[in-house]
Amino acid sequence: MTLGWILAASFAGGTLSAALAAFSLYLRASWIPMLVSFAIGTLLGAAFLEVIPAAFDQGDAHEAASAILGGIFGFFVLEKLMLWRHCHTEDCEAHDPHQLGTSAGSGTVAHDHGRSGALIIVGDTVHNFVDGVLIAAAFLQSTELGVVTAVAIIAHEIPQEVGDFLILLHSGYTRARALAMNLLSSLATLVGGLLGYYGLQAFEGLEPTLLGIVGASMIYVAVADLIPGLHRRPQFRDGATQTLLIALGIGSIVLVRVVVAH
């Protein structure tokens with residue numbers, strides 16, 4: 001019975017939040033560059049208000065901090081490898097600062113050849129896996145705690161999944177492919193729940209490291225890949241809109257925390 005609860009809650013926690021984020025399918029393409037600012041806010045809010053504090057709470061602070069540092073360095077190396085694979089010369093859009101970040105004559109943010117999207121998928125998959133482990137741990141304590149934990153995870157994931165979906169669109173994914181990748185990544189919650197049920201004690205020692213990697217992916221994508229693109233639109237009106245949307249993204253995470261706490 002407990003395993004059934006864990007599997008049901010893990011499936012709902014992963015796929016339901018990803019499916020609700022699919023409303024982004026109805027967004028106009030012209031809105032995506034500015035809504036990337038909202039995604040930045042959700043990434044930074046989730047990283048600094050949820051994931052990193054949880055990493056420090058789960059174990060040794062030095063272990064969690066080392067995982068964050070190692071994750072940022074690892075994602076930098078991964079992105080370099082992806083850039084090298086995309087273009088072996090300096091004379092291409094991926095390396096040209098005058099071309100990267102804007103579409104010719106349009107003033108909109110250009111696709112980044114899938115780099116930030118790939119990093120988001122990696123980080124989100126790890127995050128979903130950890131969520132599954134946490135759901136399993138809660139249900140092994142009590143059914144009531146498990147249900148509350150699953151609801152909290154779903155509520156927390158919805159704004160973040162919306163942000164991830166927008167980043168995938170910004171990264172050049174088609175809307176159908178972005179939705180498919182989000183749903184595929186969400187299955188890691190089910191895997192985490194199943195493995196957590198059978199070997200939770202083995203995963204408890206890894207939670208600070210896994211959460212640190214998740215936080216690193218969110219910070220790196222927001223700061224290294226997305227924010228520089230915003231600076232290529234220096235007009236005051238654009239800057240004010242970007243600032244407001246980043247604040248709203250952070251606020252959405254704060255709102256979820258407040259609602260769940262009550």
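Structural remarks
- Residues in the range 158-185 that are of a type in the set (Gly, Ala, Ser), modelled with pLDDT of 80 or more and under 20 Å from residue 40 (Cα atoms) were compared, and the one that is most open to solvent (accessible area, probe 1.4 Å) is 172.
- When residue 167 is tested against (1) aliphatic (A, V, I, L, M); (2) touching a residue at least 12 places away in the same chain (Cβ under 8 Å); (3) farther than 28 Å from residue 11 by Cα, only condition (3) is not met.
- When we screen 205, 229, 199 for residues that are small (Gly, Ala, Ser) and without any contact (Cβ under 8 Å) to a residue 12 or more places away in the chain, the only hit is 199.
- Residue-level analysis places residue 221 among those that are closer than 20 Å to residue 167 by Cα and either surrounded by 18 or more Cβ atoms within 10 Å (Cβ to Cβ) or of a type in the set (A, V, I, L, M) (or both).
- Residue ID - nearest to residue 119 (Cα to Cα), chosen from residues in the range 224-240 that are surrounded by 12 or more Cβ atoms within 10 Å (Cβ to Cβ) and out of contact with any Ser or Thr (no Cβ under 7 Å at 6 or more places or on another chain): 224
- Residue count, the range 221-262 (criterion: over 22 Å from residue 168 (Cβ atoms) and not in a loop (DSSP other than H, G, I, E, B)): 16
- Yes/no for residue 139 being more than 17 Å from the chain's Cα centre (by Cα), crowded, with 21+ Cβ neighbours inside 10 Å and aromatic (Phe, Trp, Tyr): yes
- So residue 155, is it open to solvent by less than 30 Å² (accessible area, probe 1.4 Å), of a type outside the set (Ser, Thr, Tyr) and either in a helix (DSSP H, G or I) or modelled with pLDDT under 80 (or both): no
- Filter result for residue 145 (in contact (Cβ under 8 Å) with a residue 12 or more places away in the chain, open to solvent by 10 Å² or more (accessible area, probe 1.4 Å) and farther than 24 Å from residue 48 by Cβ): no
- Within the range 236-262, the set of residues being of a type in the set (S, T, N, Q) and over 15 Å from residue 37 (Cα atoms) is empty.
- Scanning the range 44-75 for residues being more than 21 Å from residue 253 (Cβ to Cβ) and either free of Cβ contacts under 8 Å to residues at least 24 places away in the same chain or surrounded by fewer than 14 Cβ atoms within 10 Å (Cβ to Cβ) (or both) gives a total of 5.
The values are calculated or read from the model by the stated rules, or taken from the named source; none is laboratory data. Keep in mind the model is a prediction, meaning the values are calculated, not measured. All Cβ positions, even for glycine, are placed from backbone atoms using ideal geometry, and neighbour counts span all protein chains on display. Just so you know, the surface numbers come from the protein's heavy atoms only, side chains and all, with ligands and any DNA or RNA stripped out. Shrake-Rupley method; radii C 1.70, N 1.55, O 1.52, S 1.80 Å.
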